[in-house]
Amino acid sequence: QVIALGAGDGHSETQLVRHLMETGTSRIELCLLDINQPLLASAYRHAVERLALQPHVQVWALQGNFHQLPLYAVLHRPAARRPRRLFTLLGGTLAHLDHEPRFLQQCLLACDVDDLLLLDVPLASDPCTNPAEIKRRDRLFAQGVPAPYAAWLAGPLWRYCPQVEGVDFHWDLETQGPVPGSYALHAVATVKSSQRADRRFSLFRLGRYHPAQLAQCLSEIGWEEIGAELYGGEHSLRLYRKRPAGQRAESGGAPAWKGKRE
C-alpha cells in the first residue's frame, strides 16, 4: 500500500507505482492524499489513466490534511487486514514542513514495524554552521527569489492587502532548524505603499538537509535509513524502515535498497 502524503499532481507517485510493478510487485494499492480538492481530483485522474493497464493496481483518493493523519481510520486498518505500507513525501513536501521530526513522530505515530517511508530531500550546500558559505554556495539563495515563485506567492498580497503598490521578495536564511545540519530559505515579501509603512510577510519555506545528520535524526525517532539515490545534483530520494520499539540502530551493513550513496 503506497500512501502519498501531499500528493499534489500525483505524477511522481504514479511513476513510482509503475516502477514498483515493473520490478515484480504483485499488487499495489495507491492512496493519494491532499488537502486541495481540485489538485487531488487531477492527480486521481492522472493515476487512473496511467495505471489503467495495470489490473493489480487499485487507486483511490482521500481529501484531507496530512497533519491530521492519525484521525483517518481508513488508513490504519489492522495489520492482518492490509499490506505493508509505504508512506511518501515527494515533490519537496518534507522541505516545506515547519518541524520535520515533530511531524514524523506525531503524524506517523500509528506506523507498524517494517512500514517504509520515502522522502524527497533537497541537499544542503554547506553545513549550517557557516551562514556566509551557505549564502555564497546555495544557488537559489544567490540568485534571489525566482520570478515564477514571486508571481505565484504575490497573488494573495495584491488581492487582499489594502493600498498595495509593489511587492519585493528576498530570501531569509534560517540556520536554527529542528534537524541538525539543516537550514531553510524563507521567501519574505515586502509590501510597499505610499500611504502606509512597509509590511513584511514570510510566505514560503524551503529546507535543505545534510544527509548523514538527517539519517541520524530520523534514527533517533525510530526510522532507520536503508537506501538512498542521488538525482539532479542537489536532491536525494531516501528510504527508511520503521524499526521495533527499543531496538537500537544498526551500526553497519549493506542498505536493503541499493542506490547511489553520498
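The values are calculated or read from the model by the stated rules, or taken from the named source; none is laboratory data. This structure is a prediction, so every number in the text was calculated from the model and none was measured. Note that we place each Cβ from the backbone using ideal geometry, even for glycine, and neighbour counts take in every protein chain shown. What goes into the accessible areas is simple: the full protein's heavy atoms, side chains included, and nothing from ligands, DNA or RNA. Shrake-Rupley method; radii C 1.70, N 1.55, O 1.52, S 1.80 Å.
Projected label points at Leu140 and Leu53, each 7 Å from Cα along the beta carbon direction, are separated by 3.5 nanometres. Only Cα pairs under 8 Å and 6+ residues apart enter the sum, and on that basis the relative contact order of the stretch 165-220 stands at 34 percent.
List the relative contact order of the chain as a percent without decimals, with contacts defined as Cα pairs under 8 Å and 6+ residues apart.
Relative contact order, the chain: 16 percent.
Seen from all directions on average, the stretch 196-247 presents a Cα convex hull projection of 6.3 nm². Here the Karplus curve 6.51 cos²θ - 1.76 cosθ + 1.60, taken at θ = phi - 60°, turns the phi angles of the stretch 84-94 into couplings of 4, 9, 10, 8, 10, 10, 9, x, x, 4, 4 Hz, with x standing for Gly and Pro.
For the stretch 58-102, with equal point scatterers placed on the C-alpha atoms only and solvent neglected, what are the log10 I(q)/I(0) values from the Debye formula at q = 0.15, 0.17, 0.26, 0.31 1/Å, to two decimals? Rounded to two decimals, the profile gives -0.52, -0.67, -1.24, -1.32. Of the peptides 146-156, 110-120, the ranking by mean beta-carbon count within 10 Å, highest at the top, reads 110-120, 146-156. Fully extending the segment from His96 to Ala132 would add 10.7 nm, taking 0.36 nm per residue of separation and subtracting the current Cα-Cα distance. Stokes-Einstein diffusion of the stretch 80-123 at 25 °C, 0.890 mPa s viscosity, Kirkwood radius from Cα pairs, rounded to a whole number: 211 µm²/s. Antiparallel beta bridges, as assigned by DSSP with both residues in the chain, represent about 65 percent of the total such bridges. One chain, two ends: Asn36 and Gln195. Fully extended at 0.36 nm per residue, the span grows by 53.7 nm beyond their Cα-Cα distance. The accessible area of His170, taken with all protein chains in place and a 1.4 Å probe, comes to roughly 60 Å². Across the stretch 80-209, the fraction of Cα-Cα pairs farther apart than 19 Å, rounded to a whole number, is 59%.
Calculate, for Leu123 and Trp152, the FRET efficiency according to 1/(1 + (r/R0)^6) with r their C-beta to C-beta distance and R0 25 Å; round to the nearest 0.05.
Working from the Cβ atoms, E equals 0.55.
Would you be so kind as to identify which of Gln213, Ser42, Pro78 lies farthest towards the positive end of the dipole of the chain, taking Lys and Arg as +1 and Asp and Glu as -1 on Cβ and the Cα centre as origin? Result: Pro78, furthest along the dipole toward the positive end.
Under the criterion of Cα pairs below 8 Å and six or more residues apart, the relative contact order for the stretch 35-164 equals 19 percent.
Using percent of Cα pairs over 34 Å apart as the read-out, say which of (i) 13; (ii) 18; (iii) 24 was calculated from these coordinates. The value matching this structure is (iii).
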